[in-house]
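The values are calculated or read from the model by the stated rules, or taken from the named source; none is laboratory data. Quick caveat: nothing in here was measured; it's all calculated off a predicted structure. Cβ sites come from the backbone with ideal geometry, for glycine too, and all protein chains shown count toward neighbours.
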Amino acid sequence: MRLVILGGPGAGKGTQGRMLCENLGIPWIATGEIFRAAIESDTELGRQAAPYVEKGDLVPDPITIELIRHRLTQPDTENGWLLDGYPRTAFQAEELDFLLGDLGQELNWAIWLDAPVPVLMQRSLDRSRDDDAPEIIRRRIDLFHQRTIPITGYYKPRNKLLRIDGDRPSEVIQQDLLDKLAATQA
């Protein structure tokens, strides 16, 4: 199964993504890990990504998509994968579809962990570092919402969007996710 996981800060993407990968036996692929691995390996793409990562800036799309291309051709991805952290925009979603077409693959689902802003805010505050002021967290949530609608609007008409209520206990969300994915395979 080939999946991407979407959701605002505090929606539970990492938690649900890791649990889902464990349950499905597929690798959890976080873009941050892809960047760090390329930089540590001192690859050409890693050297190109390094200045952006070091400044905390977004790595440009052409570099990111090439790093993802490389990662999705590794042997452990043969039976599927879950991407966390990419795509973040509708343009990136389309780029990912082009990449998957080149690789002879197809995305099964874009999982959207949907949670109300107060829940995202509280979860982010609960796990945040001391320097994460509420206004910074609020900005991250606002940025996410500006980008989410176009991404969900990209996947929904393609019948690739799986909306999950993210305002529930972790185990309940995971079971709902597994049930919905199993139902789509039937």
Tell me whether the range 142-154 contains one or more residues that are farther than 28 Å from Thr73 by Cα, of a type in the set (D, E, K, R) and assigned to a helix (DSSP H, G or I).
yes
Among (1) within 23 Å of Val53 (Cβ to Cβ); (2) touching a strand residue (DSSP E or B) at 6+ places or on another chain (Cβ under 7 Å); (3) charged (D, E, K, R) - the single one Asp114 does not satisfy:
(1)
Just name the residue that is farthest from the chain's Cα centre (by Cα) out of those in the range 93-108 that are under 27 Å from Pro60 (Cβ atoms) and touching a residue at least 40 places away in the same chain (Cβ under 8 Å).
Gln105
The conditions are (1) within 17 Å of Gln174 (Cβ to Cβ); (2) of a type in the set (A, V, I, L, M); (3) at pLDDT below 95, and Leu20 fails exactly one of them. Which is it?
(3)
Here is a check on your reading of the model: is Lys180 under 18 Å from Leu24 (Cα atoms) and either part of a helix (DSSP H, G or I) or β-branched (Val, Ile, Thr) (or both)?
yes
Filtering the range 122-178 down to residues that are of a type in the set (Gly, Ala, Ser) and more than 18 Å from the chain's Cα centre (by Cα), which residue is surrounded by the most Cβ atoms within 10 Å (Cβ to Cβ)?
Ser128
Residue within the range 52-66 that is more than 18 Å from Leu99 (Cβ to Cβ), loosely packed, with under 14 Cβ neighbours inside 10 Å, out of contact with any His (no Cβ under 8 Å at 6 or more places or on another chain) and at pLDDT 90 or above present:
no
Can you name the condition, by its number, that Asp176 falls short on among (1) acidic (Asp, Glu); (2) in contact with a strand residue (DSSP E or B) (Cβ under 7 Å, 6 or more places away or on another chain); (3) touching a residue at least 24 places away in the same chain (Cβ under 8 Å)?
(3)
